[in-house]
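**Student:** First the structure, which I've put down as structure tokens, then a few questions once you've had a look.
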Amino acid sequence: MTREELLQAGFKSLGENVLLSKKTSIYGAGNMEIGSNVRIDDFVFMSGKVSIGNYVHLSNGVRLHGSTEGIYLDDFVTFAPGVTVHADSDDYSGNSLTNPMTPERFKAIHYSTVRIGRHVIIGTGSVVLPGVTIAEGCSVGALSLVKKSTEPWTINAGVPSRVTGARSKKLLEYEKQFLEGECL
């Protein structure tokens, strides 16, 4: 999209150097904040309250269901293709009706904020459920299901995800060099 098209979309806030595909589906742009130096590829779906920091890349097919509670992505976050993040979930117990075609009074939907920390990278096809905080520096392996919050600077993978190792902080040196170079 051109800068003019982005401004016309009505985002709550919009940074500089935002590269957003015309093939992206956006529902509720007035509830969305996008920082600077953000790239959002084809077939990304975003709805509800979504806040995206600086230097973020959302690969093709990412789905962000921010609902009323919101999804918050900090700086330097990368989502590989097909990542899905939910800030809400239907009640699967059978104690309520589900789907958007049933009246609200018969439904029990769980809403809870999702937070994604700085320098998080999430692998292809992974799913993040409501209420999860993925702490700074974490990586999540492909096809993982993140049901619980993570500890900083860990490598997580599996269904459900679990810690499989420690992640290097070397990238913080590169961030510092990069940002110092940006200021010159």
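Rule-based calculations on the coordinates, nothing more; no lab input. Keep in mind that this is a model prediction, so the values were computed, not measured. All Cβ positions, glycine included, derive from the backbone under ideal geometry; neighbour counts span all protein chains shown.
**Student:** Give the Debye-formula value of log10 I(q)/I(0) at each listed q (0.09, 0.10, 0.17, 0.19 Å⁻¹), with one equal scatterer per alpha carbon of the chain, two decimals each.
**Tutor:** -0.33, -0.41, -1.10, -1.30
**Student:** If one computes the Cα centroid of region 14-54 and of region 56-86, what distance in Å separates the two points?
**Tutor:** Each part's Cα centre sits 9 Å from the other's.
**Student:** For the chain, calculate the relative contact order in percent as a whole number, restricting contacts to Cα pairs under 8 Å that are 6 or more residues apart.
**Tutor:** Working: 524 pairs, mean separation 21.8, N = 184.
It rounds to 12 percent for the chain.
**Student:** From the gyration tensor of the Cα coordinates in region 92-184, what semi-axes in whole Å does the equivalent ellipsoid have, largest first, with each one equal to sqrt(5λ)? List each step's numbers first, then the result.
**Tutor:** Working: eigenvalues 246, 55, 19 Å².
Semi-axes from the Cα gyration tensor: 35, 17, 10 Å.
**Student:** Ok, one more. Using +1 at the Cβ of each Lys and Arg and -1 at the Cβ of each Asp and Glu in the chain, identify which of 59, 159, 140 lies farthest towards the dipole's positive end.
**Tutor:** Positive-end residue among those listed: 159.
**Student:** How about region 1-101: which chymotrypsin sites (Phe, Trp or Tyr not before Pro) there are in a DSSP loop, with at most 11 other Cβ atoms within 10 Å of their Cβ?
**Tutor:** Hits after loop and neighbour filter: 92.
**Student:** Only bridges whose two residues both fall in region 31-140 count here: according to DSSP, what percent of them are antiparallel, nearest 5?
**Tutor:** Beta bridges within region 31-140, antiparallel portion: roughly 10 percent.
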